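Coordinate-derived values only; no laboratory data. A quick note: this is a predicted structure, and the numbers were derived from the prediction, not measured. Note that we place each Cβ from the backbone using ideal geometry, even for glycine, and neighbour counts take in every protein chain shown.
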Amino acid sequence: MRLNARWLSGGAIALVVAMLLASVADAQVGWGGFRGSRRTPRLKPAAHRDNGFTFCRLMYTSVRREREGYGWSTDYPDADSNFMIRLSELTSTKVDFDERKRPNHWVVGATDPALFTCPFLMGSDVGTVGFSAIEVQRLREYLLKGGFLWVDDFWGTPAWNQWEAEISRVLPPSEYPIIDLPLDHPLFQAHYNIWEVPQITNIRYWRRTGGSSTSERGIDSNAAHFRVITDDDGRILVAMTHNTDIQDSWEREGEDPRFFDQFAPEGYSLGVNVLLHAMSH
């Protein structure tokens with residue numbers, strides 16, 4: 001992989017990611033049905049011991065469909081791998097690589113014992129999720145014991161309503177209300193200075209619209225939101241980037257230099273900030 005340093009002009013985001021991959025990894029495949037995806041999840045071996053940061057992705061059952069959604073495997077596995085590589089390049093964070101210098105990233109279910117070895121958990125297309133009673137219990141335990149969940153890539157009111165209903169079973173809003181994170185929160189200056197929540201679209205929509213629109217659901221998704229659930233001490237338990245697809249800027253970084261230039265600097269900058277803030281609080 002050859003790296004080329006790029007700068008994001010106009011703002012305080014300094015050096016950001018650099019390279020377009022020489023070859024593009026697997027593209028997203030079709031939505032895999034109500035139990036998830038056609039992709040084979042990369043499960044964490046019981047004997048594995050992390051040797052640095054490991055990206056974990058939440059596997060769940062989908063109970064409804066979203067246009068251009070792929071259930072839990074949306075953006076998997078390239079977003080996971082690319083983010084870990086960029087994190088190791090852009091920060092001093094130690095990342096868990098295997099003997100062939102490939103990042104170790106895993107898929108975990110809410111009832112998987114490996115869940116509690118994952119301090120950082122990512123979820124995609126969560127406007128389709130339906131948790132079982134035991135998954136609700138385990139996720140609540142995970143979050144209240146120090147875990148962190150970031151959900152991304154769900155668009156419009158129906159998807160939000162589905163996610164809000166499910167996460168409210170895990171963390172009842174009477175105790176854990178959902179709030180919009182103000183832009184003066186330290187997370188937005190954790191490593192890069194971020195002045196707005198970027199709206200990043202998937203690359204197929206971007207191509208169809210000629211790059212003229214980033215709102216995948218029209219007026220129902222015209223503003224990107226960064227919402228959170230915190231505990232009594234202000235620690236972020238759940239981060240929610242709604243009406244945006246941050247992970248597509250990681251997954252698709254090598255497919256088109258124009259897509260990279262438009263979205264990857266902001267996408268990686270926000271990703272790095274979220275991770276560093278979550279792991280230090």
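For the chain, what does the helix formula give at 222 nm: sum of -39500 (n - 2.57) over DSSP H segments with n ≥ 4, over the residue count, nearest 500 deg cm²/dmol?
-8500 deg cm²/dmol
Obtain the nm distance between the two label points defined at residue 256 and residue 217 by a simple spin-label model: each point lies 7 Å from its Cα along the Cα-to-C-beta direction.
If labels sit at residue 256 and residue 217, their model points lie 2.3 nm apart.
So if I place +1 on the C-beta of Lys and Arg and -1 on the C-beta of Asp and Glu, and nothing else carries charge, what would the dipole magnitude of the chain be about its Cα centre? I want it in debye, nearest 20.
Approximately 740 debye in magnitude.
If the label point is 7 Å along Cα→Cβ of residue 111, which residues in region 144-166 have backbone nitrogen under 16 Å from it?
Under 16 Å, as judged by backbone N against the label point of residue 111, lies no residue of region 144-166.
Rounded, prolate or oblate, given the Cα gyration tensor of region 150-191, with a/c below 1.5 counting as rounded? It would help to have the intermediate numbers written out before the result.
On the way: a/c = 2.53, a/b = 1.49, b/c = 1.69.
The shape class here is oblate.
Under 9 Å from the Cβ of residue 124, count the other residues' Cβ atoms, weight Lys and Arg +1, Asp and Glu -1, and hand me the total.
-4
Averaging sequence separations of C-alpha pairs under 8 Å and six or more residues apart, then dividing by the length of the chain, give the relative contact order as a whole percent.
Averaging sequence separation for qualifying contacts and normalising by length gives 21 percent for the chain.
From the Cα gyration tensor of region 200-281, with a ≥ b ≥ c the square roots of its eigenvalues, which class applies: rounded if a/c is under 1.5, or else prolate if a/b is larger than b/c, or else oblate?
Oblate, since a/c reaches 1.5 and b/c is not below a/b.
Can you bin the chain into rounded, prolate or oblate? Criterion: square roots of the alpha carbon gyration tensor eigenvalues sorted a ≥ b ≥ c, rounded for a/c under 1.5, prolate for a/b above b/c, oblate for the rest.
rounded
I want to check the label-to-label distance for residue 134 and residue 89. Put each point 7 Å from Cα in the C-beta direction and report it in nm to one decimal.
Spacing of the two 7 Å Cα→Cβ label points: 4.2 nm.
Add +1 for every Lys or Arg and -1 for every Asp or Glu among the other residues with Cβ under 15 Å from the Cβ of residue 49, and state the total.
Numbers: positive: 44, 94; negative: 50, 96, 98, 99.
Charge balance near residue 49 sits at -2.
Measure off 7 Å from each Cα along the Cα-to-Cβ vector at residue 97 and residue 168, then give the distance between these two points in nanometres to one decimal.
Reported label-point gap for residue 97 and residue 168 is 4.6 nm.
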